[in-house]
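Student: Could you have a look at this structure, given as structure tokens, before my questions?
Bear in mind these aren't lab numbers, they're just calculated from the coordinates by the rules spelled out. It should be emphasised that the depicted structure is a prediction, and the values quoted were computed from it without experimental measurement. Here the Cβ positions follow ideal geometry from the backbone for every residue, glycine too, while neighbour counts run over all protein chains shown.
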Amino acid sequence: MNYLEYKQQVYDTTLSLVDIQLIRLSAGNVSVRLPDGNVAITPSAILYRKMVPDDIVIVDINGNLIEGDKKPSSEKALHTDIYKARPDVNAVVHAHSVYSIAFSTVEMELPLVCVELFSVGGPVPVMGYYCPGTPEVGKVAAEFFATRPRLKSLLMKNHGMVAVGKDLDDAYQNAYKTEIGAEIYHLALQTGKKPQALTEENIQEIMARYQKPQEKK
Ligand code: 13P
């Protein structure tokens, strides 16, 4: 199949994440699951501001190179393991965003202090530390997403965060919501008071108001 359109989409999403500073320099990576089952993913260790759409690499679901001159992201297993674990997920964003990393270092999950964190299936948990780029990162992250089907993002201890979505725009928004939620939580903690999370009643009310009719049981 012709991958041009998908390479462009991954390129555009990555640059959008650079624009909002969720991704800086070459830290972080982006992928999309393709109709033929392969995956279009950002190349490894490239300054994204200097990347061109044709630098996006195509790998199969096991991370083997299908097309491209560049080396695929060293976190390719993180992306492919999540696709294997969650058939509803078609795009993955991994970011080294600062507020998410800060909370991960003290192993604090992100409670439901705002609607953004509710909409990513929070409270957003923190997975343990594993060396970036190792198979353990993908294995453990995929287990979190498999056991919590509503979960759309995860903090990765001393490393970053990973957000998933039904498409690239959704994964982009979920990454943004997670980071903005972490920033809000951080600011609230600065008051010295205990931030209040949304109550079960608040959540029920939000769901009744915003859930799409076809999602209602
Ligand atoms: P890549 O440059 O290989 O995608 O890896 C960067 C990164 O985010 C490591 O966690």
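Student: Can you compute 3J(HN,Hα) from phi for each residue in the range 35-44, using the Karplus curve 6.51 cos²θ - 1.76 cosθ + 1.60 with θ = phi - 60°, rounded to whole Hz and x for Gly and Pro?
Tutor: Each residue of the range 35-44 in turn: x, 8, x, 6, 9, 9, 9, 5, x, 7 Hz.
Student: Can you find, among Met161, Val124, Thr134, the residue farthest towards the positive end of the dipole of the chain? Put +1 on the C-beta of Lys and Arg, -1 on that of Asp and Glu.
Tutor: Working it through, the farthest residue towards the positive pole turns out to be Val124.
Student: Place a point 7 Å from Cα of Lys194 in the direction of its Cβ. Which residues in the range 99-134 have their backbone N less than 13 Å from it?
Tutor: none
Student: Collect residues whose amide H, placed 1.01 Å from N in the peptide plane, falls under 5 Å from the amide H of Gly165; neighbours closer than 5 in sequence don't count.
Tutor: Hits under the 5 Å cutoff: Asn90, Ala91, Ala171.
Student: By how many nm would the segment from Tyr129 to Glu67 grow when fully extended, if each residue of separation counts as 0.36 nm and the alpha-carbon distance is taken off?
Tutor: 19.2 nm
Student: Let me ask another. Could you tell me the relative contact order of the range 1-65? Use alpha-carbon pairs under 8 Å, at least six residues apart, and round to a whole percent.
Tutor: Reported relative contact order: 35 percent.
Student: Please tell me which of these pairs span more than 19 angstrom C-alpha to C-alpha: Lys50/Lys71; Lys157/Lys193; Lys71/Lys152?
Tutor: Lys157/Lys193; Lys71/Lys152
Student: Of the peptides 74-82, 120-128, how do they stack up when ordered by the mean number of other Cβ atoms within 10 Å, highest first?
Tutor: 74-82, 120-128
Student: Roughly how many debye, to the nearest 20, is the charge dipole of the chain about its Cα centre, given +1 on each Lys and Arg Cβ, -1 on each Asp and Glu Cβ, and no other charges?
Tutor: 340 debye
Student: Positive end of the charge dipole of the chain (Lys, Arg +1 and Asp, Glu -1 on Cβ, about the Cα centre): tell me which of Ala40, Val98, Leu112 has its Cα farthest that way.
Tutor: Working it through, the farthest residue towards the positive pole turns out to be Leu112.
Student: Another question, if that's okay. Starting from the coordinates of the alpha-carbon atoms of the chain, obtain the Kirkwood hydrodynamic radius over all distinct pairs and give the value in Å to one decimal.
Tutor: Here the Kirkwood hydrodynamic radius works out to 17.5 Å.
Student: Using mean Cβ contacts within 10 Å as the protection proxy, how do 102-110, 64-72 order, highest first?
Tutor: Listed from highest to lowest mean packing, they are 102-110, 64-72.
Student: Compute a Gaussian network model of the chain, connecting alpha carbons closer than 10 Å, and tell me which residue from Thr191, Thr134, Thr178 fluctuates the most.
Tutor: Of Thr191, Thr134, Thr178, the most mobile in the Gaussian network model is Thr191.
Student: Could you tell me which of Gln190, Gln173, Asn202 has its Cα farthest along the dipole of the range 164-204 towards the positive end, charges placed at Cβ (Lys, Arg +1; Asp, Glu -1), taken about the Cα centre?
Tutor: Among Gln190, Gln173, Asn202, the one farthest towards the positive end of the dipole of the range 164-204 is Gln190.
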